[in-house]
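Data first, discussion second: the structure below is written as structure tokens.
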Amino acid sequence: MKLFSRLFAKPPPPPPPTPAERVASLQAAPAEVVETTALGSDDVSLRVGAIRLLPGGDALSVLAGLTDPPPGAAASTPPAVRRAAHERLAQLIDDGSIDFDAVCGRPEYLSESIAVAALCRDPDRLPRVLARIEDQSTLATLATDGPSSRVRQLAAAAIDDPAQLHD
């Protein structure tokens, strides 16, 4: 009986794909699959890998926080996914695939625009975003609580009001 069970036993199932293999399989996947994975997979590393393959568009803007999510979509995005979307947008802007002003020109998404501009290779992008800020108190807040020293320095340099600068 043991002989027959060994001869006719089913082979063990193949191991599940590793995260790296899953990300690599996205490179050959249709654009819709890549976008769906970036927007809604539970695996953050898989979402980050999918974001790095996105050519731009609404999904990338939503993930970067530069546009509101469509009704019924998840409103929160994990920080690693948001950061990957910022990096991808900066890369596409640097390549000339996406217009910087179209992506970072909306004042209601100022903090996300600053994050994308700070990641761009062109050092003039961040000052262009900060130059659009007319509210001296917003600049003062960025000068003290900005996400990076470069943002804080540029915001402080843009403050014109002596009282705000003193504070």
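The values are calculated or read from the model by the stated rules, or taken from the named source; none is laboratory data. Just so it is clear, the model here is predicted, and its values are computed rather than measured. Because the Cβ atoms are built from the backbone with ideal geometry, glycine has one as well, and the counts that use them run over all protein chains shown. Protein only, heavy atoms only, side chains kept; ligands, DNA and RNA dropped before computing areas. Shrake-Rupley method; radii C 1.70, N 1.55, O 1.52, S 1.80 Å.
So what's the angle, to the nearest 10 degrees on a 0 to 90 scale, between helix 136-145 and the longest Cα principal axis of the chain? Around 50 degrees separate the two axes. Calculated [222 nm] ellipticity per residue, helices only, for the chain: -17000 deg cm²/dmol; basis is -39500 (n - 2.57) per DSSP H run with n ≥ 4, divided by all residues, nearest 500. In the set (1) 16.5; (2) 14.5; (3) 15.9, the label that goes with mean projected area of the Cα convex hull in nm² computed for this structure is (2).
Compute the long axis of helix 149-158 from its Cα atoms, compare it with the longest principal axis of the Cα atoms of the chain, and write down the angle in degrees, 0 to 90, nearest 10. Long axis of 149-158 versus the principal axis of the chain: about 30 degrees. Taking packing as the residue-averaged number of other Cβ atoms within 10 angstrom, the listed peptides 87-93, 121-127, 13-19, 28-34 run from highest to lowest as 87-93, 121-127, 28-34, 13-19. With K and R counted +1 and D and E -1, the other residues having a Cβ less than 15 Å from that of Pro16 yield a net charge of -2.
Could you look at the range 39-129 and say what percent of its accessible area is carbon and sulfur, using a 1.4 Å probe and all protein chains? Carbon plus sulfur share of accessible area: 51 percent. Remark: spin-label model distance Ser137-Asp43 equals 4.7 nm, labels positioned 7 Å along the Cα→Cβ axis. Relative to the dominant Cα principal axis of the chain, helix 79-95 is inclined by about 70°.
A 1.4 Å probe run over the range 1-131, with the rest of the protein chains in place, finds 61 Å² accessible per residue. With the contact rule set at Cα under 8 Å and sequence spacing of 6 or more, what percent relative contact order holds for the chain? Answer for the chain is 13 percent.
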